[in-house]
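The values are calculated or read from the model by the stated rules, or taken from the named source; none is laboratory data. Here the structure is a predicted model, which is why all the values come from computation and not from measurement. Don't worry about glycine lacking a Cβ; one is built from the backbone with ideal geometry, like all the others, and counts go over all protein chains shown. For accessibility, only protein heavy atoms count, side chains too; no ligands or nucleic acids. Shrake-Rupley method; radii C 1.70, N 1.55, O 1.52, S 1.80 Å.
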Amino acid sequence: MWVLLALASAVCLGVYDIFKKISLRDNNVLTVLLLNTLFGSLFMCPVIINGLMHGYLGLGDTLDGHLLILAKSFIVLGSWLAGYFAIKHLPLTIAGPINASRPVMVLIGALLIFGERLNLIQWGGILLGFASLFLISRVGAREGFALRDSRWLWCCFAAAVLGAVSALYDKYLLRRFDPLEVQAWYSLYQVFIMGAAVLILKRTTHGAGGRFEWRWSIPCIALFLTTADIAYFYALSQPDSMISIVSMIRRGSVLVSFFYGVFALHEKHIRAKLVDLCILAASLGLLVIGS
């Protein structure tokens, strides 16, 4: 069951990336991100309201529980902020494969944090994963996004690293709390954090940065992300689920966004990027077999 949930999450994540790209084109990143957190919170607010009507604050009714979720909100927002700037300025066929490297980082995190031991096949998958990142950085340099001087490429890497940290943290949280409660409360806290950040920036001389244009694709970002996260959290909450496998399956979302970049956006150097995508797929395949 958890594998099917992970597959459903992957498809929704791919569509989510497409709507992000559409919404962020020549648009204000911070405002789009704020609206995404707002819509995401509205979709999940019935969970919180239902609990409050029964005198229950959620997350075990403890301050510690809410502080743990608050920490998750900061991690996810950091990943989103870096990822939104990256996906606005980078081709989908570059940003997608970098983002899809998260399972490699998750496995390394499991090795360093949880003391898990890797077998030879898993080490092969990790090495191929890093080879894939190296190759995609080379392709990016041919399109004017060299790793040495492209802040958008670094933003994309930062988003992937923070996303891996969030995935490892999720496994810990979902052993303690209900998946819907986790999603509902961290979505609400994100609205407060992002709202405060935008207000502070608007009071500075630089403002919130750029013109904003409303598009109907913006609420679709939150809709598909919320659906993807619900499936993901329920997959992780299953007793026999494996964070490494769930994370790998979710990164299959790159196929959806990659082919959108090829056929709808007509992005360049597709053959080289397709080779890189195949290497990444081989990396994920080795990690699945080794796990």
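Mind checking which residues of region 77-104 are farther than 30 Å from Gly290 by Cβ and among the charged types (D, E, K, R)? Passing the criteria: only Lys88. Condition check for Phe224 on (1) crowded, with 23+ Cβ neighbours inside 10 Å; (2) of a type in the set (Phe, Trp, Tyr); (3) touching a Cys at 6+ places or on another chain (Cβ under 7 Å): one failure, at (1). Assess whether Ala196 counts as being in contact (Cβ under 8 Å) with a residue 60 or more places away in the chain and part of a helix (DSSP H, G or I). Judged against the criteria, Ala196 is not a match. Checked against the criterion of being surrounded by 18 or more Cβ atoms within 10 Å (Cβ to Cβ) and within 17 Å of the chain's Cα centre (by Cα), region 45-61 contains not a single residue that satisfies it.
Among the residues in region 7-15, are any open to solvent by 50 Å² or more (accessible area, probe 1.4 Å) and in a loop (DSSP other than H, G, I, E, B)? Checked against the condition, which is being open to solvent by 50 Å² or more (accessible area, probe 1.4 Å) and in a loop (DSSP other than H, G, I, E, B), region 7-15 yields no hits at all. Candidates are the residues of region 262-278 that are surrounded by fewer than 23 Cβ atoms within 10 Å (Cβ to Cβ) and of a type outside the set (A, V, I, L, M); the one that is nearest to Asp170 (Cα to Cα) is Cys278.
Mind listing whichever residues of region 199-228 are charged (D, E, K, R), part of a helix (DSSP H, G or I) and at pLDDT 85 or above? Correct list: empty. Within region 235-261, the residues that satisfy the criterion of being in contact with a helix residue (DSSP H, G or I) (Cβ under 8 Å, 6 or more places away or on another chain), of a type outside the set (A, V, I, L, M, F, W, C) and surrounded by fewer than 17 Cβ atoms within 10 Å (Cβ to Cβ) are Gln238, Asp240.
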